[in-house]
Amino acid sequence: MRLQKPPAFPYQIESQKIYEYISSKTGRFRVFCLTHCFSQKKTADLGIELVDGYSTLQLKNYYVFSWKLANSFWSRYSLVVPPFENFLYQKFQPNAELLGLLNTKYVISPYTIQDPSLKLELKIDDYLIYENLLFQERAFYVSKGKPVGKAEVKELKPGRAKIITDKKASQELVLSEILSPGWRA
């Protein structure tokens, strides 16, 4: 029996137009490409923030959370999440609500996404750019389980976040980051 070669698939966006389009958007937000189509170096150079970050360091809780983001499961370690092989053979239908909680405003895909909370905004070359209608700011207030307003992010860098808040006893402040042991407020 001969193994079948996987189909050819673009792993990186070659179109400068997509980088320019995302870079032209204002505000702080993240982008999620279903096929890991962005160059991490190029996005870092342009200041485009990705859901899966710029490095290969993975926190276990992000790895488990990513199964929910992609509505898919894999049981082995991979430097990229989801693993490349997974998106070669299946078309992920991402979870807009969870992506929104991670400050994801745009989802990029080479195929149609069915979720009505992801609104098709534009097609550039072979990629579809969706706006996440469930997008949340990087820091936001929650009351009775629902987002009710944003807080101002004054500073955000590795190991430190400075958020300007209003003291509201009936609301919780949510920072759209993966919790890591040792964090304190």
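The values are calculated or read from the model by the stated rules, or taken from the named source; none is laboratory data. Just so it is clear, the model here is predicted, and its values are computed rather than measured. Please note: Cβ atoms are built from the backbone with ideal geometry, for glycine as well, and neighbour counts cover all protein chains shown. With ligands, DNA and RNA removed, areas are computed over all heavy atoms of the protein, side chains included. Shrake-Rupley method; radii C 1.70, N 1.55, O 1.52, S 1.80 Å.
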Of the listed pairs LYS68/LYS146; LYS25/LYS150; LYS91/LYS144; LYS119/LYS162; LYS25/LYS157; LYS68/LYS144, which have alpha-carbon separations greater than 26 Å here? LYS91/LYS144; LYS119/LYS162
Ordering THR165, THR35 by accessible area with a probe of 1.4 Å, largest first, what comes out? THR165, THR35
Ordering 143-150, 97-104 by per-residue average of other C-beta atoms within 10 angstrom, highest first, gives 97-104, 143-150
